[in-house]
Amino acid sequence: MGIEQLIGRKALTTRLDAAVGWARKYSLFQYPFATACCSMEYMSVACAHYDIDRFGAGLPRWSPRQADLLMVVGTVSHKLAPILRQVYDQMCNPKWVFSFGVCATSGGFYNNYATVQGIDTILPVDIYVAGCPPRPEAVLDGLIKLQEKIRNEKQQY
Amino acid sequence: MTLFEEITEHFSDPIFDRHSRLGDATVILSRDALPGVIRFLREEKRFDFLMDLTICDGGMEKSPRFEAVYHLFAFERKERLRLKVPVEEFDPHLPTLTGEYRNADWLEREAWDMFGVRFDGHPDLRRLLMYPGFEGHPLRKDYPKDRRQPRIGPGSTPATAFEREPALPERLGKALTAAGVADPGEEIMYLNMGPSHPAMHGVVRVMAALKGETITASDVEIGYMHRCFEKEAETHSYMGVIPYTDRLNYVSPLINNVGYVMAVEKLFGVTTPERCRYIRVILSEISRIVDHLTCIGAFAMELGAFTVFLYLMKARESLYELIGEVTGARLTTSYTRIGGLRGDLPPGFDGECRAAFRKIRKDISECDRLLTRNRIFYDRMRGVGVISAADAISFGFTGPCLRASGVSHDVRKSSPYLIYDRLDFEVPLGTEGDNYDRYLVRIAEMEQSMRIVEQALADLPDGPVNLDDRRMTLPPKEEVYNSIEGLMNHFKLIMDGHGIRPPAGEAYFPVEGGNGELGFYVVSDGSGIPARVRVRAPCFHMISALSYLIRGQMIADVVPIFGTLNMIAGELDR
């Protein structure tokens, strides 16, 4: 006797991890930590033309408490670094970090006294998107890659 | 009698020298003569604007090592004057000008921060761009470009630590005393906005002392996006600086490209071919529309009008596609070259541009119908953030924000560059100098920019876009591959230690940027690397007035006031 006969057509069986991962990947609430040029492309991605909403990440949250995806958009200087870390610390678990553009990823071509050479020196990063600034398509590609990662993760509940 | 003769008549001995190279009148004077000369120039000769103040570091071997450079502008006579004051290394101080010009406050703080030149009598001389605990003055030639002093993480020290920042009551104490609140007591509430706040697009921090919902005193902190444009420019070739100019004002990068390149061309004393000048105008004006669309869209969204944001971003997208076809990039274009452009316009640009304008006109009229006579919008904008013409001039406002106060100053009209003197366009003016006028001026300017582009497209001449001058433009590829002269010429312009070498000298070139006069001051010592590149950022001066504008307003009014000033962090913090 299969389990289908027992529960009829009223339920779907899956691993809890997979179900939670699937739900989480389509309900990303991002906190846009937008500082520089990349925020122009962030605006393009968020608006109707490229429409980040199709990927379930359309609702920017302006408070770290309500967000689970920290989008670091643009250059982070040493003056700003502690604030970024504070925002990250205030976010609830589970949380992911999206490094948007080369400045956030590696400092870009700003190799100087003021610029942090990659935000991974101050917080853990899940996905890096290259480009100065990345085209909106590249950002969406990065988002899909991050969603894959979230779906396949061992989930914490 | 010339201006210089009048100055020498009034102040005999401490004037050192004068010259007038490349059309820039320059007076070199001693620091003791400076306050008197400035007062004379401002009161008698109507030099109302302190356009810029910067320091040039000549290096350790030069004596006197530093040179303070003041750029003045007489708005009625459209006259510019540069004052230079030598400053010794062992005794670096200058008299303050805060009594004469209000924007001198921040300019002097920046000069102190970056170069360590003190200003005697400055009311509040402290760091502006770097953080407390930062050691040294980074724009001095002997400060290594990559000596980092982090505040958290690896390499941070107790001196630079984040926790060492003073608390809000301590920081605002001075501002409160200045506002006449002797004893803050308990009814004052301290509120921190930013540096990452939804209403602050970009990173700027407003610390306010509130009584109820009214702001009694505030302190604005910038520098969170300091990326050392000027230090980077001092370590790259002339050509290599162009990509950095894109990222100064990333909403209208093409205007920045044009401004920087024209400053270098001024050093060479050349003018570009006719077709190149037309194309530069066309692209600058398209950039200006992008700038205004982004500004209006962003502050409308922050006031809750999200639909307007979506409409205007749709309009911006069609312009980005247009720019992308011409330059190959949507945002960071790097399109101009010294002596010309990267390439010609693509075929069919004319038709695409006109089609894009048809769409934009529709989007702008939709935005106009949604906002302009909207009761809520009107009430939040009208009479809020008022700045009088005199105050706006004293703070060094330029561009739409100055014109909203009723002052007709537009670089395109007052000192025309490229082909602006041949074009027929109007300069829209406001009357009240409040948020609503700043909004209306921007809406009207977009229409004028489209008119300019249409005129320029109609009589776009044929011909080359690059100057045929081997000191600055690359030779054609067939010469490079087929002749030794061509190859050597290419090598000399490209390789490290060679490069484009303008003759020694200095040039200040202003253009009308998206939100005001954008000036590049380039100093050449004859080598392939600029000795100094200084950018006169328009929004720096406007944000220096933010604290003044929000005093006495409600906390919710910070959002539209800040929005209509159109802050761009890249050029604000350099």
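The values are calculated or read from the model by the stated rules, or taken from the named source; none is laboratory data. Worth saying up front: this structure is predicted, and the values here are computed from it rather than measured. Note that we place each Cβ from the backbone using ideal geometry, even for glycine, and neighbour counts take in every protein chain shown. We work out accessible area using only protein heavy atoms, side chains counted, and drop any ligands, DNA or RNA first. Shrake-Rupley method; radii C 1.70, N 1.55, O 1.52, S 1.80 Å.
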B:M60 neighbourhood, Cβ < 11 Å, K/R = +1, D/E = -1, net charge 0
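Can you give the calculated 222 nm mean residue ellipticity of chain B, where each DSSP H run of n ≥ 4 adds -39,500 (n - 2.57) and the sum is split over every residue, rounded to the nearest 500 deg cm²/dmol?
Details: 21 runs with 226 residues, N = 574.
Per the formula, -12000 deg cm²/dmol.
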Averaged over the residues of B:193-205, the number of partner chain Cβ atoms within 10 Å of each residue's own Cβ comes to 4
On complex formation of B with A, accessible surface lost, both sides summed, probe 1.4 Å, nearest 100 Å², amounts to 3900
Of all DSSP beta bridges having both residues in chain A, the percent classed as antiparallel (nearest 5) is 5
Which of A:K95/A:K149; B:K62/B:K84; B:K145/B:K492; B:K62/B:K231 exceed 21 Å between C-alpha atoms? The answer is B:K145/B:K492
Taking a ≥ b ≥ c as the square roots of the Cα gyration tensor eigenvalues, with a/c under 1.5 meaning rounded and otherwise prolate when a/b beats b/c or oblate if not, the range B:337-475 comes out oblate
Those GluC sites (Glu not before Pro) from the range B:165-211 that are DSSP loop and have at most 13 other Cβ neighbours within 10 Å turn out to be B:E186, B:E187
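Average partner chain C-beta neighbours within 10 Å, per residue of B:308-321?
On the way: counts 0, 4, 4, 2, 1, 7, 3, 0, 5, 7, 1, 0, 5, 1.
The per-residue average across the peptide is 3.
Would you be so kind as to identify all helices of chain B, as entire DSSP H runs, whose Cα atoms reach 18 Å or more along the helix's own axis and whose mean Kyte-Doolittle hydropathy is at least -0.5? Let's see the in-between values first.
On the way: long enough: B:253-268 (23 Å, 0.84); B:274-302 (42 Å, 0.43); B:306-327 (30 Å, 0.60); B:349-371 (32 Å, -0.60); B:435-458 (35 Å, -0.30).
Counting only whole DSSP H runs, the qualifying helices are B:253-268, B:274-302, B:306-327, B:435-458.
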Ignoring trypsin sites (Lys or Arg not before Pro) buried by more than 13 other Cβ within 10 Å or outside DSSP loops, the longest site-free run in chain A is A:16-153
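Over every pair of different alpha-carbon atoms in the range B:352-411, take the mean of 1/r and invert it; report that Kirkwood radius in Å.
Values: mean 1/r = 0.0714 Å⁻¹.
Taking every pair of different Cα atoms in the range B:352-411, averaging 1/r and inverting gives 14.0 Å.
Could you quote the convex hull projected area for chain B, Cα atoms only and averaged over all directions, in nm²?
Value for chain B: 27.8 nm².
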Rounded to a whole number, the Stokes-Einstein D of the protein assembly as shown in µm²/s (Kirkwood radius over Cα pairs; 25 °C; 0.890 mPa s) is 91
Residues of the range A:95-119 that bury at least 50 Å² of accessible area, probe 1.4 Å, when all protein chains are present rather than the chain alone, are A:F109, A:Y110, A:N111, A:N112, A:Y113
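Share of the protein assembly as shown's accessible area from carbon and sulfur, percent, 1.4 Å? Don't skip to the end; give the middle numbers.
Working: 14710 of 27670 Å².
For the protein assembly as shown, the apolar C and S fraction of the accessible surface comes to 53 percent.
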Cross-link reach from B:K359 to lysines, straight Cα distance under 29 Å and at least 8 residues apart if same chain, gives B:K314, B:K413
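Only bridges whose two residues both fall in the protein assembly as shown count here: according to DSSP, what percent of them are antiparallel, nearest 5?
Values: 54 of 75 bridges.
In the protein assembly as shown, approximately 70 percent of DSSP beta bridges are antiparallel ones.
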Ranked output for segments B:393-404, B:535-546 by mean other Cβ atoms within 10 Å, highest leading, reads B:393-404, B:535-546
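Please compute the per residue accessible area over the protein assembly as shown with all protein chains in place, 1.4 Å probe, rounded to a whole number of Å².
Numbers: 27670 Å² over 731 residues.
Per residue, the protein assembly as shown has 38 Å² of solvent-accessible surface.
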